[in-house]
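The values are calculated or read from the model by the stated rules, or taken from the named source; none is laboratory data. Predicted model, so just to flag it, every value in this text is computed and none were measured. Note: ideal-geometry Cβ built from the backbone for every residue, glycine included; neighbour counts use all protein chains shown.
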Amino acid sequence: MQKLRKIHPDFLYLLEMKEQKLINLFKDLREYILEIHPDSNEMLYHTHALTTVFSISDKLGDAFCMLPIYTNHVNLGFNKGTLLKDPHQLLTGTGNLIRHIPVENPKDYRNKKVKDLIKSAVQLAIDEMDKPSSVKGKVISKIKK
């Protein structure tokens, strides 16, 4: 089993200001995504939400999913959700591209349907990538101090 990478200190500082339930959900969901695609790069943002974006390169355009943490909830977002096959109609949202799965507990994502959706999102990102990336398994903080 691969050793789980540590959460970046800038992100962890802000994460620890959230409610414990949200912290636990985020940590477990992050671990789940990294188990599915261990080479994911994590891009960290703090805008309207504290967000980890998972990408197959160091570019936001190559991202396949994200975990925005809002005041009272966490979502499993898919950057190109409208392009994904969603036979179980798991995805919600009205944006032009982004869709998400609301997350309240681990059973909302720790299942074969969501795992398959994440794998499909990774494959879509790979298929649409301009050129292969040498950046793998890195954490890239975009959080302004």
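In this structure, Arg99 does satisfy being buried (at least 20 other Cβ atoms within 10 Å of the Cβ) and of a type in the set (D, E, K, R).
Only one entry of Leu25, Leu12, Leu4 meets the criterion of being closer than 22 Å to Asn105 by Cα and buried (at least 17 other Cβ atoms within 10 Å of the Cβ), and that entry is Leu25. Inspection of the range 56-68 identifies no residue that is surrounded by fewer than 20 Cβ atoms within 10 Å (Cβ to Cβ) and touching a Phe, Trp or Tyr at 6+ places or on another chain (Cβ under 7 Å).
Do any strands (runs of 3 or more DSSP E) lying entirely in the range 34-145 carry at least 1 residues that are within 12 Å of the chain's Cα centre (by Cα), hydrophobic (A, V, I, L, M, F, W, C) and modelled with pLDDT of 95 or more, and which ones are they?
Fully inside the range 34-145 and qualifying: 41-46, 50-55, 63-69, 74-78, 99-103.
If the condition is being among the charged types (D, E, K, R) and within 15 Å of the chain's Cα centre (by Cα), then the range 13-33 contributes Lys27, Asp28, Arg30, Glu31. Cβ separations smaller than 6 Å between residues 6+ apart or across chains give the following pairs from the range 122-134 residues that are in contact (Cβ under 8 Å) with a residue 60 or more places away in the chain to residues that are part of a helix (DSSP H, G or I): Ala125/Asp62; Met129/Asp62.
Tell me whether the range 44-54 contains one or more residues that are in contact (Cβ under 8 Å) with a residue 60 or more places away in the chain, under 25 Å from Gly137 (Cβ atoms), touching a strand residue (DSSP E or B) at 6+ places or on another chain (Cβ under 8 Å) and surrounded by fewer than 17 Cβ atoms within 10 Å (Cβ to Cβ).
No, that holds for no residue.
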